[in-house]
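The values are calculated or read from the model by the stated rules, or taken from the named source; none is laboratory data. Just so it is clear, the model here is predicted, and its values are computed rather than measured. Using ideal geometry, Cβ is built from the backbone for each residue, glycine included, and neighbour counts are taken over all protein chains shown. The accessibility values were calculated without ligands, DNA or RNA, using every heavy atom of the protein model including side chains. Shrake-Rupley method; radii C 1.70, N 1.55, O 1.52, S 1.80 Å.
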Amino acid sequence: MNDQANKHWGTALLDALTSLKLAIVLLTLLMVLVLACTLAQVDLGTHGAVERYMRSWLVWWRPDGASWSIPVLPGGAPVGGLLILNLSVAQIRRLQLTWRKSGLWLLHIGLVLLVAGEFVSAMLQVDARLTFEEGHSANFVERTREYELAVVDTTDAAYDDEYGVPQSLLLAGGSIAIAKTPLQLKVVAYMRNSELRNRTDKDPKSLATAGVGPEIAVQQLPPVTADDAQDTPSALIDVHADGVSKGVFLVSAGISAQQGFSHAGRHYRIDLRLRREYLPYSLTLKDFSHDVYPGTDIPKNFSSLVRLVHPGSSEDRTVLISMNQPLRFEGRTFYQSSFGKNDTLSVLQVVQNPGWLMPYVSCTLVTLGLIVHFSFSLGRLQRRRVRAAAAAVGAT
Amino acid sequence: MKGQRWLVALTAVTATLIAASGFFGDRKGRQGVDVVAFGELPAQEGGRVKPIDTLARNALLMIRSKQTVRADGRTLSASEWLLDAMFRPQLADTYAIFVVDDPDVLGLMGMPQSAERYYSFDKLRDHTGKLQSQASAARRVDPKQRTRFQAAVVHLFDRLYLYYRIKHTLQIEGGAGLSDELARAHTQAGQERAQAIAELAYFRVLPPTAKGGWRNIGEGLAALHAGTPQPGLELYAAMQKAYVAGDGANFDAAVAKMLALGRAADPTALGIAAHELQFNRAQPFYNGMVLYVAALLVLFASWAWRPQTLRPVAYVLLAAGLLLHTGGLVSRTILQGRPPVTNLYSSAVFVGWGAAVLGAVLERLYRNGFGAVVAAASGFVSLIVAHHLAADGDTMEMMRAVLDSNFWLATHVITITIGYSGTFVAGAIAAGWAIRRHALRSLDPEAGKALASMTYGIQCFALLFSFAGTVLGGIWADQSWGRFWGWDPKENGALLIVLWIAIVLHARWGGYIRERGLMAMSIAGMAITAFSWFGVNMLGVGLHSYGFTDKAFSALAAFMGLCLLLLGLSLAPPRFRLVRTLAAGLPVQHGAATPHG
């Protein structure tokens, strides 16, 4: 009895989950979200609008001046997730494996792949930047929105030993031991975004006791959301070496001056900077060119002529990276992104996305599926027309 | 039967005459000079070499929003106007070419609002100082945030400055002309004047020499001073002298020499410029528009009177319009060396072309006159839209680096615009269906079914192209920026279209909608496509200060309103008598309000 009811209940749920009605409702909700996300970009910027509508579980609405807010719509995550569930289960449950339905299979599998690919990108894609000047080499990339506290052992003139403390550890606070060194760092304060200026007599005494910190007044700011804005994080770090205090340093992405200390005959530099990732190869900017159409300032092209040296695979070659012509190498893709310093400095966008091929595959599948499916429909329609015409002839 | 054949033949001849109309008419302009030959002279501006005719048309479009100007009781072509602006600026200063209709801008100049919207440079001359300071103050504000006054004052000053630059292409204002500048070229003062011309001149008329590329007159005078002979300078001076004196023969001779000089220096660019001049004169899109309208009118007439006789006539007109439209597209593609869609203007031309072709194919399949109406109407409307979009300047401008990829322009952009064509054709059929059910006394259910099957087929077609186009756009973004999808407004707009068609088709497969639902949703699809095509481009503009004064925004709003009206018509019961019933003070009664699909 109980079993029977359970089964009934389970089937009903499955029916609801795989129903075409649900698909239509979800597609409509998705349209509403996309439209809202588009219009909201005017005020929130793309990043903010996407966070609010597409990469959320619920869309909250707060009346003007109110301190409470209520959810008004499901966010992009549940709508997209349910849509994929509905699509996959319905496809398996309802459709037969026949040639006539092959188009629908292809296109629905392609759609699942497309959304899965977006999911993979959202989770695993790493955006970074590589900045270099003509004649200079770079063997690291910098993450675009992530910071790290770097401790660099500069004792040896030939090479530096670098130790990076990721932002997440700094946010957690507490004491951090740097492996293989006698150093112990205590996070006194960490600010995701801040404003720095020269300290005047009116400002309270700085908490920093070493480096340039005592001269600087720092004020905490809320993190930015606009697309073209960047946070300036700062931190106060109490440095101990073998239990001896080396002072409290103010480190910040807004400070370019080098700060450091010495201990037991070794010299250290301490710096808060964009998180670096070192590459097993190096890129040298041989030439950056930026052409405009004659008599105008309309850019015709930007390109970086780069020498790529990989000691591991003894590769040494020249590559031209230009708009629409990225370099794909060892899982990373380098795109021409920006430039500066009177066209002698080039900025490459570096993307690591293990799922980059999925849209290509899914696009092919869906397009193929649509063509196959509509061809079958067209054939059916044609046959019906022929029959109708024959009937009409027969009638006269 | 024989009479009909004659009628069709006569129509074909008329259509050919309309198509070729640009090549008739007098080549001679005022002062007895050959204006057409002058229009063929090459000039470099905006990064490419174009015939002066193109330059004149675009400049006048930007300044006056029209390609002609009324002066001294006659209509001057753009080239004739440019002749005066370059060679006789004192006269051109009196032509009323500047539209000023913003009351606050008029108030700034102490002028009352009047029926006369056009003002000459002479009338505005004394106010340029005030306009300039207001414009440079307004320019510090982000264009999207400007108030109506700020936008209007910047717009007016930009046009004044453009005209000012055109006047200084050949000489310093108030001087004695180019021959005088030439005579002074070797003096210190002359060099300073040459420097000023070099900075102001709007375009470069001197073809490349062994030393350096295209030069403007000022740069030419400097080069001459530095010892590089510039034969073009003498020729332009001769042109000016002859033009002012009304000496047509000498003017034409100087123009011919100048053309020969250009051909020797840069034969490729001159070949393209000559082709472009023919394209300008043929006005394929304008004449195509005329033919489409004619076809549309004949089709309408055919519903009321002798359909068997009139429909072939309409077909001939439609075919001629489509042929011209196609020819124009091919011509532009060759001229630019790029796929047909490179900007908003060309997307309108192309979407209309795609819709017209689709309509013609439907007509061929169904032969019910409906496809032909859709073809003619969409061809006509899109060319009107394109005509208004052309007022921003050169429609064959150079492509910015990030867009400079013929491969992606040819795949992503073309595919997605064909998708737009599809949704518009589906919407147009649905609109026809909606009007028809209120206009006709009795509805033939077979005809309704045929229209529904046309709409359904076109929606499938549109889904295929919209989807492929959207994903190809993602792939292009992945290729050039390293991200496949960024939820950018234009991407979202494309996604909206795909989602909407997907909803329409699934709702139909599920049986939730039938004929009427399909039609209503197809009409809504047109509105969604218009939003994603134009609306998202105005996001910053439309929702902020510029608001309803922006012409494009009001046009879009009007289109949305029309879609809403059609939507209402498609949902209302056939031959809806609401108005009449209300007027009679009776309760609403739907005569034929039985359920219908």
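Based on the mean of other beta carbon atoms within 10 Å per residue, what is the order of B:55-68, B:165-178, B:107-120, most packed first?
Working: B:55-68: 20.9, B:165-178: 19.1, B:107-120: 12.2.
Put in order of decreasing packing, that is B:55-68, B:165-178, B:107-120.
What is the pair-distance distribution P(r) of segment A:2-94, computed from all Cα-Cα distances in 5 Å bins starting at 0, with each bin given as a whole percent? Result, from short to long distances: 3, 13, 17, 18, 15, 11, 9, 7, 4, 2, 1, 0 percent.
Could you run the Debye sum over the Cα atoms of segment B:391-431, one equal point scatterer each and no solvent, and tell me log10 of I(q)/I(0) at q = 0.13, 0.27 Å⁻¹, two decimals? Results for segment B:391-431 at q = 0.13, 0.27 Å⁻¹ read -0.45, -0.89. Per the Debye calculation on the protein assembly as shown with a single equal scatterer at every Cα and no solvent contribution, log₁₀ I(q)/I(0) for q = 0.05, 0.07, 0.08 Å⁻¹ amounts to -0.43, -0.82, -1.04.
Rounded to the nearest 20 debye, the dipole size of segment A:2-94 about its Cα centre is 260 debye, using +1 on the Cβ of Lys and Arg and -1 on the Cβ of Asp and Glu. When the alpha-carbon atoms of chain A are used, the pair Rg, Dmax equals 29.4, 110 angstrom. Using every pair of separate Cα atoms, the Kirkwood estimate puts the hydrodynamic radius of segment A:146-274 at 15.1 angstrom.
Gyration tensor analysis over the Cα atoms of segment B:31-274 returns equivalent ellipsoid semi-axes of 32, 20, 17 Å (largest first, whole Å).
Do you know which residues of segment B:428-469 lose at least 50 square angstrom of accessible area in the protein assembly compared with their chain on its own, with a 1.4 angstrom probe? The answer is B:Leu464, B:Phe467.
Ordered by solvent-accessible area of protein heavy atoms (1.4 Å probe), largest first, the residues B:Trp487, B:Trp6 come out as B:Trp6, B:Trp487.
Just the accessible area per residue of segment B:239-327, please: how many Å² with a 1.4 Å probe? About 44 Å² of surface per residue is accessible. Straight-line cross-link reach from B:Lys241 at under 17 Å between alpha-carbon atoms covers these lysines, not counting any fewer than eight positions away in the same chain: B:Lys167, B:Lys257. For chain B, the longest principal axis of the alpha carbon atoms and the long axis of helix B:128-139 meet at an angle near 50°. When B:Glu40, A:Glu148 are compared by accessible surface with a 1.4 Å probe, the order from highest to lowest is B:Glu40, A:Glu148. The angle separating the long axis of helix B:344-366 from the principal Cα axis of greatest extent in chain B is about 40 degrees. Remark: mean inter-chain Cβ contacts per residue of A:292-302 equal 6, using a 10 Å Cβ-Cβ cutoff to other protein chain atoms. For segment B:31-274, the relative contact order is 22 percent, taking Cα pairs closer than 8 Å that sit 6 or more residues apart in sequence and dividing their mean separation by the residue count.
Taking the accessible area of the protein assembly as shown, probe 1.4 Å, and keeping the other protein chains in place, the carbon and sulfur fraction comes to 61%. Peptide A:38-44 has a mean of 5 when you count, residue by residue, the C-beta atoms of other protein chains within 10 Å of its C-beta.
Per the accessible-area calculation with a 1.4 Å probe, the total area buried between chain B and chain A rounds to 4500 Å².
Axis angle, to the nearest 10 degrees, between helix B:2-19 and the longest C-alpha principal axis of chain B: 40 degrees.
As a rough guide to protection, the peptides B:469-478, B:364-373, B:491-500 ranked by mean Cβ packing within 10 Å, highest first, stand as B:491-500, B:469-478, B:364-373. Distance between the modelled labels on A:Asp64 and B:Asp392, one decimal in nanometres: 3.3 nm (7 Å Cα→Cβ projection). So how far, in whole Å, is the C-alpha centre of segment B:159-226 from the one of segment B:362-381? A separation of 54 Å, based on Cα centres. With a 10 Å cut-off around each Cβ of B:471-482, the average count of Cβ atoms from other chains is 6. Under the combined filter of DSSP loop state and at most 13 neighbouring Cβ atoms within 10 Å, segment A:109-184 retains these chymotrypsin sites (Phe, Trp or Tyr not before Pro): A:Tyr159. In this structure the amide hydrogen of A:Ile298, modeled in the peptide plane, comes within under 5 Å of the amide hydrogens of A:Tyr293, none closer than 5 places in sequence on its chain.
The dipole here belongs to chain B: it is taken about the Cα centre, uses +1 on the Cβ of Lys and Arg and -1 on the Cβ of Asp and Glu, and is about 1840 debye. Against the compact-protein benchmark of 2.2 N^0.38 Å, the Cα-based radius of gyration of chain B scales to 1.11.
Rounded to the nearest 10 square angstrom, A:Trp68 shows an accessible area of 140 square angstrom against a 1.4 Å probe. The residues A:Val25, B:Val205, sorted by heavy-atom accessible surface at 1.4 Å with ligands and nucleic acids left out, run A:Val25, B:Val205 from largest to smallest. The modelled label-to-label distance between B:Ala183 and A:Val188, using points 7 Å beyond Cα along the C-beta direction, is 8.1 nm. Basic side chains Lys and Arg get +1 at the Cβ, acidic Asp and Glu get -1 at the Cβ, and with that the dipole of segment A:146-274 about its Cα centre reaches some 480 debye. Bridging of B:Lys551 to lysines at a Cα separation below 28 Å is possible for B:Lys66, B:Lys123, B:Lys130, B:Lys144, B:Lys490, once same-chain residues fewer than 8 apart are set aside. Considering only A:Val306, A:Tyr159, A:Leu207, and ranking their Cα positions along the charge dipole of chain A that arises from unit charges at the beta-carbon of Lys, Arg, Asp and Glu, the one farthest toward the positive end is A:Val306. At what distance in angstrom do the alpha carbon centres of segment A:185-233 and segment A:106-135 lie from each other? Using only Cα atoms to place each centre, the spacing works out to 34 Å. Under 17 Å from a label point 7 Å along Cα→Cβ of B:Thr14: give me every residue in segment B:257-298 with its amide N that close. B:287-298, by backbone N distance to the label point.
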